[in-house]
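Heads up: the structure comes next, in structure tokens.
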Amino acid sequence: MSKTLTIALEDEHLLREICGVNDSVSAAIQNSLGEDVYARGNELILNSENKEKQLLFKKLIEQLIAHYKEGHMPDPELVKTLYRSLKEKNKDTSTLKDSHITIPRSLKVFPRNHNQAEYIKGMFSHDIVFGIGPAGTGKTYLAIAHALKEILERKKKKLVLTRPVVEAGESLGFLPGDLMQKISPYLRPLYDAMDSLLSFSAITKLEESRIIEVAPLAYMRGRSLKNSYIILDEAQNTTKEQMKMFLTRLGEGSKAIITGDITQIDLPKRTESGLVNAMEILKGIEGIHFTFFTSKDVVRNPLVKSIVDAYEREEKTKN
């Protein structure tokens, strides 16, 4: 058995893309395998005679190249996910590049892990989708991306973004300004997601033409939304009555995505979360899809995962 495995790429440009900015991707490959990886010319070399690691290295590079050719730029998070999948041997790595969202005149959005891929597949195949898990798992970002795709492809006429405004008790009258000025601080995370996917002018144009509409959850009562895409964010802060009210707003041809983190409920004590209740009573209903994220799916700064884990450990010790 050779002490090294050399993989020749098409050219040095492809090698640079596979290695990543400041060799961040090749460093992630090295950390995953626990062996030295280095580049020479248009070649990537694994300094190991371990047969299993050589096979993993070969498959990992093949997968990274396949993702790159689909428009999915390699990054350290992708390396970790592909490596885990290849090690487990029971997960289809192709779902990470096949389950993507293509936003017209913008970009392709790829899942960063298998739960995100499941979430995206659910959005394509179900009318009501719940994305439940900790901060930083991409729940809101992917929901916005899929909704914009549907709107820009004219599959839906309107995108409605809503959140329960718990901090203000959903009584916004005392705040200065018009409705948009009152609720903008609460909907900022939704705008942040849109800003990263479309230009400011494109978003403004969609809002001015009333294709994108934002509203606090209380303002949804009494409405029936047809041929619309509706996103309810921070759903853990809805009451049972509010969740029922929201879900029954869906009219003909509409779809809804509900996102939330049941570990961050800000409701008054003894008030049951509408999201927790929905998880219990809606499971198993055809047409409704649930994706549950964990701290392993966090794709923000690595410290976020550690923070989520620390709080989860504290909760377990209390219980």
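The values are calculated or read from the model by the stated rules, or taken from the named source; none is laboratory data. As the structure is a prediction and not an experimental result, all values here were calculated from the model. Cβ placement follows ideal geometry from the backbone for every residue including glycine, while neighbour counts extend to all protein chains displayed. Note: accessible area is taken over every heavy atom of the protein model, side chains too, but ligands, DNA and RNA are not part of it. Shrake-Rupley method; radii C 1.70, N 1.55, O 1.52, S 1.80 Å.
Starting from 0.36 nm per residue, how many nanometres of slack lie between residue 213 and residue 24 once their C-alpha separation is accounted for? Don't skip to the answer; put the middle values down first.
On the way: separation 189, 0.36 × 189 = 68.04 nm, distance 3.96 nm.
Length gained, residue 213 through residue 24: 64.1 nm.
Annotation: peptides 121-130, 108-117, ranked by per-residue average of other Cβ atoms within 10 Å with the highest first, follow the order 108-117, 121-130. Shape of segment 15-108 from the C-alpha gyration tensor: oblate (a/c of 1.5 or more and a/b not above b/c, with a ≥ b ≥ c the square roots of its eigenvalues). Let me spell out the model: positive unit charges on the Cβ of Lys and Arg, negative unit charges on the Cβ of Asp and Glu, origin at the Cα centre of the chain. What dipole size does that give, in debye rounded to 20? Computed charge dipole of the chain: roughly 720 debye.
Whenever you get a sec, compute what percent of the accessible area on the chain sits on carbon and sulfur atoms (1.4 Å probe).
Roughly 50 percent of what the probe reaches on the chain is carbon or sulfur.
Please give the FRET efficiency for residue 188 paired with residue 125, using the beta carbon to beta carbon distance and R0 = 22 Å, rounded to the nearest 0.05. Intermediate results must be reported in sequence, preceding the final value.
On the way: r = 30 Å, r/R0 = 1.38.
The pair residue 188/residue 125 has a calculated efficiency of 0.15.
Can you tell me how segment 1-67 classifies by the Cα gyration tensor, rounded, prolate or oblate, using a/c under 1.5 as the rounded cut?
Numbers: a/c = 1.61, a/b = 1.45, b/c = 1.11.
Note, shape of segment 1-67 comes out prolate.
Under the criterion of Cα pairs below 8 Å and six or more residues apart, the relative contact order for segment 194-319 equals 20 percent. Simple rule: put +1 on each Lys or Arg Cβ and -1 on each Asp or Glu Cβ in the chain, find the dipole, and look at 103, 196, 82; the Cα lying farthest toward the positive end is 103.
Treating only the Cβ atoms of Lys and Arg (+1) and Asp and Glu (-1) as charged, compute the dipole magnitude of segment 194-286 about its Cα centre; round to the nearest 20 debye. Kindly include the intermediate steps, with their values, before the conclusion.
Details: 12 positive and 13 negative charges, 74 e Å.
That gives segment 194-286 a dipole magnitude of about 360 debye.
If R0 is taken as 22 Å, the Cβ-Cβ distance between residue 17 and residue 70 corresponds to a FRET efficiency of 0.95.
As an exercise, use a Förster radius of 30 Å and the Cβ-Cβ distance of residue 40 and residue 306 to find the FRET efficiency, rounded to the nearest 0.05. Walk me through the intermediate numbers first.
Details: r = 36 Å, r/R0 = 1.18.
The calculated FRET efficiency here is 0.25.
Using modelled amide H (1.01 Å from N, peptide plane; none on Pro or chain starts), what sits under 5 Å from the amide H of residue 214, excluding residues fewer than 5 places away? Counting only residues 5 or more places away or on other chains, the set is 161. Each Lys or Arg adds one and each Asp or Glu subtracts one; over the other residues with Cβ under 14 Å from the Cβ of residue 42, this totals -3.
Around the amide H of residue 254, modelled in the peptide plane, lie the amide H atoms of 227, 228, all under 5 Å away and 5 or more residues distant in sequence or on another chain. Close amide H partners of residue 100, meaning residues 5 or more places away or on another chain with modelled amide H under 5 Å apart, do not exist here. Along the positive direction of the dipole of the chain (beta-carbon charges: Lys, Arg +1; Asp, Glu -1; about the Cα centre), which of 140, 164, 306 reaches farthest? Checking the options against the dipole of the chain, the answer is 164.
In terms of its alpha-carbon gyration tensor, the chain comes out prolate; a/c meets the 1.5 threshold, and the first ratio a/b outweighs b/c.
Per residue, the chain exposes 52 Å² of accessible surface when a 1.4 Å probe is rolled over the protein heavy atoms with every protein chain present.
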